[in-house]
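*Asks:* Have a look at this one before I ask anything.
The values are calculated or read from the model by the stated rules, or taken from the named source; none is laboratory data. Please read these numbers as outputs of a predicted model, since none were measured by experiment. So basically every Cβ, Gly included, is an ideal-geometry build from the backbone, and we count neighbours across all protein chains shown. Ligands, DNA and RNA are excluded from the accessible area calculation, which covers all protein heavy atoms including side chains. Shrake-Rupley method; radii C 1.70, N 1.55, O 1.52, S 1.80 Å.
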Amino acid sequence: MNRTTFLALFGVAALIAAVIFGLRSWQPDPPPRAIAPTAAPTVAATAPTQAPATAAARVRPSFDVVRVSPSGDAVIAGRAAPNASVAILDGGKEIGRVTADGRGEWVFVTVEPLAEGAHDLTLSARDSDGTETTGERSVAIVVPSRGSVLGSGGGPLAALLPTEPGRAGPNLLQTPGGGVASLGAGGPRVTIDAIDYGEKGEVTIAGRGTAGAALRLYLDNRAAGEARMDADGKWVVRIPELAPGFYMLRADELGADGKVAARAETRFQRDSMVAFAPGQNIVVVQPGNSLWRIARRVYGDGVRFTTIYDANRDQIGDPDLIFPGQVFAVPKTN
């Protein structure tokens, strides 16, 4: 992707951020919390202080991971109160609803792809007691036209934005290059960079994070392995046995207090190692890959992605939507 295209995409996202933040900045500051006089009776003094404490303890819905394919299909994950009903809204219109699990974690996959252009995603959650809460941050997404994606090798852009004055600044979640980014509150960041298969069928997953930090890997919210970043911030986890199928792959970097400091997540397909025809090489799809990028690397020309698509039609329903871990035949050409 050339610099002009990247600046154009980032400029659109920055404009969205400025517009959204500007529109919301007029909201008045919340009124100061009332302080009960010291001379008030015990009952009168304790009653007003319980409600603010309950409100402060309430968990507001939040985004953890946002991944958008060039075709507009999105995987969105986050947190809310345990068992809360979470609504995902685009420009105020609900596009889906999921229920958080017992730990407050939720994952949503769009049914209909996001249209080309700009989107403003927000969250609303209904707790078990019926109380509605909204998220403190939104996600601005730019889905470029199909022509710009294929012509430049770029892709969608996503940025986390504050919805209220005085909150943290914007945080870039997905670059037009398709990188898997994580939420680290402007600090630690962890990535999932590579997936590979060994000779005995084991799956090796690697990435980067903070040097010396601990990491836990999850498949469908089940622990799959642990590692510690080396001096260069690299980590590797090997999974000896994994049945073929689709999984949600998650990497959590842990801070010194044992809590999650950064997270990266992507959908992952464990493919069977089928026998390919003579004269064909194979490639394991990596996070951030597209058929265009694979063809450009293998053949030197992204337009030849149709060669790979034709050889793997049984695995690829949509050439704009492939998953890390898939194994494709790459035919040799003259």
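*Asks:* Identify, from the list ALA125, ALA100, ALA87, the residue that is within 25 Å of LEU321 (Cβ to Cβ) and out of contact with any Leu (no Cβ under 6 Å at 6 or more places or on another chain).
*Replies:* So the residue among ALA125, ALA100, ALA87 that is within 25 Å of LEU321 (Cβ to Cβ) and out of contact with any Leu (no Cβ under 6 Å at 6 or more places or on another chain) is ALA87.
*Asks:* For region 62-100, name all the residues that are at pLDDT below 90, open to solvent by 30 Å² or more (accessible area, probe 1.4 Å) and within 21 Å of ASP220 (Cβ to Cβ).
*Replies:* ARG67, ASP73
*Asks:* Considering only region 293-334, how many residues are assigned to a loop (DSSP other than H, G, I, E, B) and either at positive phi or among the basic types (Lys, Arg) (or both)?
*Replies:* 4
*Asks:* Can you run down the residue pairs with Cβ atoms below 7 Å, 6 or more apart or on separate chains, where the first is in region 238-260 and within 19 Å of ARG208 (Cβ to Cβ) and the partner is among the small types (Gly, Ala, Ser) and in a loop (DSSP other than H, G, I, E, B)?
*Replies:* Qualifying pairs under 7 Å: GLU253/GLY209; GLU253/ALA213; LEU254/ALA213.
*Asks:* Output the residue which, of all residues in region 96-109 that are free of Cβ contacts under 8 Å to residues at least 24 places away in the same chain and in contact with a strand residue (DSSP E or B) (Cβ under 6 Å, 6 or more places away or on another chain), is farthest from GLY130 (Cα to Cα).
*Replies:* My answer is GLY96.
*Asks:* I would also like to ask the following. When the residues of region 288-328 are filtered to those that are of a type in the set (Gly, Ala, Ser) and crowded, with 17+ Cβ neighbours inside 10 Å, which remaining residue is farthest from TYR247 (Cα to Cα)?
*Replies:* For region 288-328, the residue satisfying everything is GLY302.
*Asks:* Among the residues of region 119-141, how many are more than 18 Å from VAL65 (Cα to Cα) and either open to solvent by less than 60 Å² (accessible area, probe 1.4 Å) or in contact (Cβ under 8 Å) with a residue 24 or more places away in the chain (or both)?
*Replies:* The qualifying residues number 6.
*Asks:* Considering region 230-272 alone, what residues qualify as being acidic (Asp, Glu) and within 15 Å of ASP196 (Cα to Cα)?
*Replies:* GLU241, ASP271
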